[in-house]
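Handing you this structure, nothing more for now.
Where a number appears in this text, it was derived from the coordinates with a stated rule and is not lab data. Keep in mind the model is a prediction, meaning the values are calculated, not measured. Cβ placement follows ideal geometry from the backbone for every residue including glycine, while neighbour counts extend to all protein chains displayed.
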Amino acid sequence: MVELSVILPIYNLASTIRQNLAKVSTVLSRTGLSCEIIPVDDGSSDGTADMLHAWAAEPAEARLVRRPVVLERNGGKGNALKAGFRASTGGLVLLLDGDLDILPGYLPGFLEAMTREKADIVIGSKRHPKSRVHYPWHRRVASAVYYGLVRLLIGMPITDTQTGMKLFRRSVLGEALDRMLVKTYAFDLELLAIAYGRGAKIVEAPVAIRFGDKFGALSARTVRQMSIDSLAVFYRLRLLNYYAHVEVPPLLDHDPLVSVVIACPNGSWMLDECLAALERQTYRNFEVIVLPDEGERGTGNGERGRGKREEGRGNSKLETLNSKLETLNYQLTTISTGKVRPAEKRNIGIEAAKGEIVAFIDDDAYPDARWLENAVKYFGEPTIGALGGPGVTPPGDGFWAKCGGRVYENIFVSGNYRYRYLGGRVRKDIDDYPSCNLFVRRDVLEKIGGYRTDFWPGEDTLLCEDIVCKAKKRIVYDPWTLVYHHRRPLFAAHLRQLGRYGFHRGYFVKRFPVTSCKFSYFVPTLFVFYLLVLLGIFVGRHLMGGGMLGPVAAVAASPLMFYAFFTAVSTFSFNPFRWIVTELGVFLSHVWYGVQFLRGLCASRAPCEFIGKDHA
């Protein structure tokens, strides 16, 4: 039985990781404990993963288990430590930075302090009187400023939260990690704040730090993000009291089968990307159902129908798709549906699904490696009928697509719904969520009859309303259940998509007010009316020979000046072209959504058009 697990987050340390792990092994061998070393490669690009695999294959001491974890993508220190904890088994868990700026030789002192003080957590502190610290002046200044901020906002009776050597009792660390939201720089602060708030006893121990003269990760961007994350921890801890009330679902008594349903027009590079990402899932009990147009049409026509299951005969595009799918290491079914709407495709997928849970994802999105793992755990709570997670802009998208993503992420565009496009927001109950990242219990889908097929887009809004109102189940948002969703590039494709959303939301205000009749949806239309009034004032003064400016015009224009200022602040970028493009995108999004919302509000019926090669 393993007594101590040592988790080391690592990023691009191929040149030193073998030596660092050898030093850790030497220290652990002196403790007399049965131990496991869990280095977590956080998506390194320099061959670190190869070095870890070679290290793991070497013979080790009997009481020392080597258990490397390799993540496909860089997700931040928090994500790496959570992955390491899931792979660990020890009753005690040591978190240790993989670069070994903090020397592991002080570990026996941590173990002694935990026993002597009957502590739940022992953290290394640069300010402990027995610490030996070689630290550059700029790091000392930053550390002192941050320490003052933490004492002021959080109020924990400790002198150092950021030193990367911390020893936990397993149960305490697990309870804190279940409630975590921060994935990057303020991870340590949030972790300790949660544990302290839940009554954990924290003591400090001396450390030895040889940071040298390197500047480290202390950049303007790092400082900015650290400040934002730390203020968010303060807000959740002191104002929302979020950590005390956040829901942690009970453990599942089995691993339920998940059916992943992907509605798509045809095969594409984006679908290939999505299927490849599914192959990397840490949760393995799942099947995938792909629903392309190709082949004979099923019996759709606005009602639930079965498409024809194709084997690829006589259809070159479907043959190409199936040949790619044959190389993937999971159960997969392709069902050709003909040219029908996404809701009809998903209903066909629901009928074919074997799983207890049905996961919907768009073919222009791809999931994080722990997408299924993070989602499934919520379904141990019987009141939860569905779960949604963020769809963030992929890091590899082009300039114009990233600008489209920045528009959606803007607070003046998405308002209280920004959590759909940004990870790291709080878990909460919601009543409306898009199907690009949505998990639903299959029995709930059967009870409500699946998707309504007479609207596109907007079918997911109606599905969520049925889940809440008919099935009487909750829909929960979880920021860790993450997919990367490709954006429409500015300007034409982005506005075309947004216009469809605006029209159907306006139409739904009349037909389905429960989730659509909200003031925030009316604001862009009111903004359009304001612009028309302002334009009328200026044109009228000009025609009357009064010039373009005057007291009335100046007063009327002042809200527009405030609007320009706040959108400029909210879209700020050090790249001036990206800044200008994003601000223009925000303005045009407001105008076009407002116009289309008004059209939908006044329409007697909503047009239902085929999706073609575009995506909802």
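Of all the C-alpha pairs in region 4-245, what % are more than 26 Å from each other?
For region 4-245, the share of Cα pairs beyond 26 Å comes to 35 percent.
Excluding LEU33 itself, what net charge comes from residues whose Cβ is under 15 Å from its Cβ, given Lys and Arg +1 and Asp and Glu -1?
Once positives and negatives cancel, what remains is 0.
Step through the table entries LYS377/LYS447; LYS201/LYS428; LYS118/LYS377; LYS23/LYS183; LYS23/LYS126, compare each Cα-Cα distance with 24 Å, and write down the pairs that go over it.
Beyond 24 Å: LYS201/LYS428; LYS118/LYS377; LYS23/LYS183.
Can you give the % of DSSP beta bridges in the chain that are antiparallel, to the nearest 5?
DSSP beta bridges in the chain are roughly 35 percent antiparallel.
Give, in nm to one decimal, the length gained when the segment between VAL145 and ARG127 is fully stretched (0.36 nm per residue of separation minus the Cα-Cα distance).
My answer for the length gained is 5.1 nm.
Express as a percent, rounded to the nearest 5, the fraction of DSSP beta bridges in region 4-245 (both residues included) that run antiparallel.
Here the antiparallel bridges make up roughly 25 percent for region 4-245.
Given 0.36 nm per residue, what is the gain on full extension from VAL552 to ASP46 after removing their alpha carbon distance, in nm?
Net length gain for the segment: 175.8 nm.
State, to one decimal in nm, how far the label point of LYS470 lies from the label point of GLU112, with both points 7 Å from Cα in the Cβ direction.
Inter-label distance under the simple model: 6.8 nm.
If region 133-213 were replaced by its equivalent ellipsoid, with semi-axes equal to the square roots of 5 times the Cα gyration tensor eigenvalues, what would those be, largest first, whole Å?
23, 14, 12
For HIS485, what charge total do you get from the other residues with a beta carbon under 13 Å from its beta carbon, if Lys and Arg give +1 and Asp and Glu give -1?
-3
Between HIS53 and ASP253, what FRET efficiency comes out of the Förster formula 1/(1 + (r/R0)^6) with R0 = 22 Å and r the beta carbon distance, rounded to 0.05?
Once the sixth-power term is evaluated, E becomes 0.05.
Amide H to amide H under 5 Å from VAL260: which residues, 5+ apart in sequence or cross-chain, H placed 1.01 Å off N in plane?
Answer set, sorted by chain and number: GLU287, VAL288, ILE289, ALA359.
Measuring from the lowest to the highest alpha carbon on each principal axis, how far does the chain reach, largest first, in angstroms?
Here the spans come out as 81, 72, 43 Å, largest first.
With a sphere of radius 12 Å drawn around the Cβ of TRP400, what net charge do the other residues whose Cβ falls strictly inside it have (Lys, Arg +1; Asp, Glu -1)?
It works out to a net charge of +4.
Length gain on complete extension for the stretch ASN74 to PHE399, per 0.36 nm per residue less the alpha carbon to alpha carbon distance?
Using 0.36 nm per residue and subtracting the Cα-Cα distance, I get 114.9 nm.
Let me ask something else. How far is the Cα center of region 445-489 from the Cα center of region 381-396, in Å?
11 Å
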